[in-house]
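Heads up: the structure comes next, in structure tokens.
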Amino acid sequence: MVLASAYNSTDDNAWCPGCGNFGVLQALKQALVSLNLEPWQVIMVSGIGQAAKIPHYLKVNCFNGLHGRTMPAAFGVKMANHKMTVIAAGGDGDAYAEGGNHFVHAMRRNPDITYLVHDNQIYGLTKGQASPTTGLGAITGTTPFGSVDIPESPLAVAVAMDCSFVARGFAGDIEHLSKIISAAVKHRGFSLVDILQPCVTFNKINTREWYKERVYNLDEEADFDPSDRVKAFSKALEWGDRIPTGIIYRHERQVFEDSVFESGAGSLSRQPLVPPNCLDLMRKYA
Amino acid sequence: MTKDITVGISGAAGMGMQSISFTLAKSFLRAGYNVFVWQDVMSRIRGGNNTSIIRISTSPVNSIKEEFDILVALDLLAIKRNALKVKADGFLIYDGEKQRAEEPKAGWISVPFEKLAAEAGGDKIMINSVATGAVLALLGADVITECEGVIDELFSKKGAEVVSGNIKAVKAGIAAVTPGVSGKFMLAPTLKINSKNKILINGSDALGLGAVSAGLKFYSGYPMSPATSIMEYVAAKAREYGIVLEQAEDEIAAINMAIGAGYSGVRAMTCTSGGGFALMIEGVSLAGMTETPVVIGISQRPGPATGFPTRTEQGDLNMVLFAGHGDFARVVLAPATAADGPLIMNRAFNLAEKYQVPVFVLSDQYYNDSSFSVDLAEVRVEPVNRGGVLAEFPGSYNYKRYDLSAGRVSPRLIPGAKNQVVYADSDEHTEEGHITESAELRVKMVDKRAGKLAEIVSDMDQPVYFGSEKPETVLVSWGSSFGAVKEAADLLNASGKPAGLLHFTNIWPLPEIKLKFNESAVKRFICAENNYSGQFADLLEKNTKLRFSRRILRYDGHPLTAEYIVGGLEG
């Protein structure tokens, strides 16, 4: 039995008071406890941004890499340690702008990695510029006359890429978010959890109240079936007066690791290094 | 009698020049000769003009010559582009029935490739074997048994008829060369016993094989000539040796994947060429900052930008030495021939883990695509040395990834150790690996990362020296230029001018150079390299006592040759 306190970090927290990230941190901790994982059994990989600091505020293995490069680093981590739980985290700029190409190809590969994207529709750490999910017309430091580029719908992209687990959470509903994260980690395959996360300092439009008025839980829709890709796609596009949260799309498909590791094989990193003899390899060229 | 012969096989991409040169090279290798093959190719899939250049010698040979003794021209363009490269007493073999362009000149021998191929095996594709036979006739060498063996290995999967047809085609090619000309370049005899322990291997395979034999467990890469063939070697071996290989979406992903695997405790590599490496550079500084072992193979080709994609150059040394923002230690190695490719790769992985730094293996198109004859008795390897890597750590959640009390290289714990966590951070960090804003820690950590260089130096090999004990001319070279520069030094010595070659494969950091020859007579140190500015000469002049009175440089996309270097000395 793992206690939540086992995950307490000694590192100073650098988030703004009231930041939505605190809700994500709390939900993640609860999920890890509910999954009965010890801190040493988990590896988190993150990029750069306020969201990407989250592994420091937990006690877990952590590779805090470069902005946008979370997915490739996480893939390398997972391949060396496929028996461990690998969770990636970052913000909307990290995941969808700088890391946009990697995000798309991670879904194609379908490694068993959970990706938590703290989506606050703004760049926080660089102090308030437009992100790929910033709303049309939003005035930011780099869009003083209003954002012209239409916002990306990451969930629709994920469904289009046949991502094997696509969900949306809300940092203001820790209980629901924690359940979504648990389900995402349990799911075998690549799991995207896009998390609506109010930025209290730089996003004065998409505030906690703004989200609260709009979000609803998909569990309450009796006829919604997350295995139906076409319905999932239209749910993924739903945005405005009503914003769905919960598991939008979920299905099983081949996990990358199954194509390279025999079932029951231990992690590569835990195996003794006994390489083949060089001269034996060379003799084949006689 | 000839001791050293150069044959060019030229035609449009897709005509099978490489299969002719492979058959010839392998046949002569097995007969006891030394061989070397370089591919001079255009960036296209079909058409154009490519030439496969094979050199056959009774002495060790790791370079090509500027001119051909024999040119096999498989089409008109091959004649147009290459006829002038044939020596005055050389021969040009062509199909006079099909390639009617101009008046045949002295030394042009028409061999009706197509007609003979059709007669021998009923298939036009066998013109390659006819051409092979014509070359064998001119060389007067009795290697037909070896040649039949090679053809059998190449075609047995396609059936006995294809094998016998090709052998018939070779014999038809031999017979087609008139007796007066036949044996014109009679090769000096050698002993078949010399072929014992000899292999024919290209540089890419030597590097791929070196990595596999060093315990490579993770490879990520994006295809780019001339590095792709290293990836394809590893891909073909991945299942057999339990290696995870993934084609990344770009080079940025490739290096970040490899670093992720390196952090997680497996030996990881990515290979690319200069343009792809440009994309990897932020990853290089990530490896430097997080102190993650990773091996990066860079197969150079002429830049800038897309450059001369299928040709060769040693023009990316500066880029590799300085790539990445901030100060941190790195290692650069460059193999000389396929014989030392495996050793260089073994060393690369050992140094990467021992010092927890990025290690670069710098080769080029000339190295990767050339086939070398290698004497296995001369191949050295280095056993696996993983440095201070730990699978477990005593205590409970008390491990510090960047522990300063342990010196510049902290013990490296593999994540997943019971009751311990491992933080690696691209931000400036504390000993635990958490983000820090402390100026004091910043200085300590920079000193740790950059200061490793002073320790790495003790592991770096001295350059090798060949030649006169009391040289007047000392040629200096690095990496794949070895064969040509060594041959140039040999030529000087043979003409009574005492000379030597000082050759580097351990490029950075440079140890204090200890010269193993008598310096009193040295009149000039000359650096020869395959680039425009003399990047290695600059490095040596900045960091060692060596000073150069001349630099012999080549950047036309072709490799250095002994003639080019000797010509440069005289000019």
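Of note:
- If you check B:Gly107, B:Gly133, B:Gly149 for being among the small types (Gly, Ala, Ser), open to solvent by less than 30 Å² (accessible area, probe 1.4 Å) and under 29 Å from the mean Cα position of the chain (by Cα), only one passes: B:Gly149.
- Scan segment A:40-49 for residues that are buried (at least 24 other Cβ atoms within 10 Å of the Cβ) and either over 14 Å from the mean Cα position of the chain (by Cα) or more than 25 Å from A:Leu3 (Cβ to Cβ) (or both) and the total you get is 3.
- For segment B:176-203, the set of residues classified as more than 14 Å from chain A (Cβ to nearest Cβ) and in a strand (DSSP E or B) consists of B:Leu187 only.
- B:Ala206 surrounded by 24 or more Cβ atoms within 10 Å (Cβ to Cβ), facing chain A (nearest Cβ under 7 Å), among the aliphatic types (A, V, I, L, M) and farther than 27 Å from A:Thr70 by Cα: no
- Pair list, Cβ < 8 Å and 6+ apart or interchain, from segment B:484-500 residues that are of a type in the set (Gly, Ala, Ser) to residues that are at pLDDT below 95: B:Ala488/B:Leu569
- Subset of segment A:58-69 [surrounded by fewer than 24 Cβ atoms within 10 Å (Cβ to Cβ), in a strand (DSSP E or B) and within 7 Å of chain B (Cβ to nearest Cβ)]: none
- Exactly one residue among B:Ala339, B:Ala348, B:Ala329 is part of a helix (DSSP H, G or I) and of a type outside the set (Lys, Arg), and that residue is B:Ala348.
- Criterion (more than 22 Å from B:Pro342 (Cα to Cα), touching a helix residue (DSSP H, G or I) at 6+ places or on another chain (Cβ under 8 Å) and within 14 Å of another protein chain (Cβ to nearest Cβ)) met by exactly one of B:Gly288, B:Gly262, B:Gly315: B:Gly288
- All positions within segment B:390-435 that are open to solvent by 20 Å² or more (accessible area, probe 1.4 Å), more than 7 Å from every other protein chain (Cβ to nearest Cβ) and among the aromatic types (Phe, Trp, Tyr): B:Phe393
Yes/no matrix, rows are residues, columns are (1) closer than 25 Å to A:Val255 by Cα; (2) out of contact with any helix residue (DSSP H, G or I) (no Cβ under 7 Å at 6 or more places or on another chain); (3) among the small types (Gly, Ala, Ser):
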| site | (1), (2), (3) |
| --- | --- |
| A:Met161 | yes, no, no |
| A:His176 | no, yes, no |
| A:Lys179 | yes, yes, no |
| A:Ser182 | yes, no, yes |
| A:Ile195 | yes, no, no |
| A:Cys199 | no, yes, no |
| A:Glu209 | no, yes, no |
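- Filter result (over 15 Å from A:Asn61 (Cβ atoms), assigned to a loop (DSSP other than H, G, I, E, B) and open to solvent by 30 Å² or more (accessible area, probe 1.4 Å)) within segment A:1-35: A:Met1, A:Leu3, A:Thr10, A:Asp12, A:Asn13, A:Ala14, A:Cys16, A:Pro17, A:Gly18, A:Leu35
- Residue match in segment A:246-266 (condition: open to solvent by less than 20 Å² (accessible area, probe 1.4 Å), modelled with pLDDT of 95 or more, more than 14 Å from chain B (Cβ to nearest Cβ) and in contact with a Lys or Arg (Cβ under 6 Å, 6 or more places away or on another chain)): yes
- For segment A:82-97, the criterion of being within 10 Å of chain B (Cβ to nearest Cβ), out of contact with any helix residue (DSSP H, G or I) (no Cβ under 7 Å at 6 or more places or on another chain) and either open to solvent by 10 Å² or more (accessible area, probe 1.4 Å) or in a helix (DSSP H, G or I) (or both) is met by at least one residue.
- Residue-level check: of (1) within 21 Å of B:Asn34 (Cβ to Cβ); (2) out of contact with any helix residue (DSSP H, G or I) (no Cβ under 6 Å at 6 or more places or on another chain); (3) hydrophobic (A, V, I, L, M, F, W, C), B:Val150 misses just (2).
- Of the residues making up segment B:21-33, none is modelled with pLDDT of 95 or more and under 14 Å from B:Thr310 (Cβ atoms).
- Among the residues listed as A:Pro72, A:Pro111, A:Pro55, the single one being modelled with pLDDT of 95 or more, assigned to a loop (DSSP other than H, G, I, E, B) and either crowded, with 24+ Cβ neighbours inside 10 Å or within 10 Å of chain B (Cβ to nearest Cβ) (or both): A:Pro111
- Checking B:Ser396, B:Ser477 one by one, the residue that is more than 30 Å from A:Arg69 (Cα to Cα) and assigned by TED's automatic domain parsing to the domain that holds B:Ala488 is B:Ser477 and no other.
The values are calculated or read from the model by the stated rules, or taken from the named source; none is laboratory data. Keep in mind it's a predicted model, so treat the numbers as computed, not measured. Note: ideal-geometry Cβ built from the backbone for every residue, glycine included; neighbour counts use all protein chains shown. The protein model used for the area step is the full one, side chains on, heavy atoms only, and it has no ligands, DNA or RNA in it. Shrake-Rupley method; radii C 1.70, N 1.55, O 1.52, S 1.80 Å.
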